[in-house]
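Read the structure below first, then the notes.
The values are calculated or read from the model by the stated rules, or taken from the named source; none is laboratory data. Model, not experiment: these values are computed from the prediction. Cβ atoms come from the backbone with ideal geometry, glycine included; neighbour counts cover every protein chain shown.
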Amino acid sequence: MNRCDIDDKREALNRRREKLDRQLQALTAEKDVLKRNTYSEHHDALLSEIHEIERRLAEISLDEQSLCQMEGRE
C-alpha cells in the first residue's frame with residue numbers, strides 16, 4: 001500500500017464518518033420530535049379526559065341542585 005492509497009482510504013473513511021455523523025444527528029433530532037409528539041398526544045388525551053370529568057361533575061352538581069330545589073318545594 002502506498003501513500004496515495006492510504007490518503008484515498010483516509011479521505012473515503014472521513015467522508016463516510018461525516019455522513020454517519022449527519023445521519024446520527026438526524027436520528028437524534030427525529031427521536032426528540034417523536035418524543036414531543038408522543039408527549040403531546042398523551043398530554044392532550046389526558047386533558048380531554050380531565051375536561052370530560054369536569055363536565056360530568058358540573059352536570060352532577062346541577063342535577064344535585066335541581067334535586068335539592070325539588071325536595072325544598074315538596
Residue by residue through region 1-23, note down the ones that are surrounded by 10 or more Cβ atoms within 10 Å (Cβ to Cβ) and acidic (Asp, Glu).
7, 8, 11, 18, 21
Long-range neighbours under 8 Å by Cβ, at least six apart or interchain, first residue modelled with pLDDT of 85 or more within region 4-29, second not aliphatic (A, V, I, L, M):
none
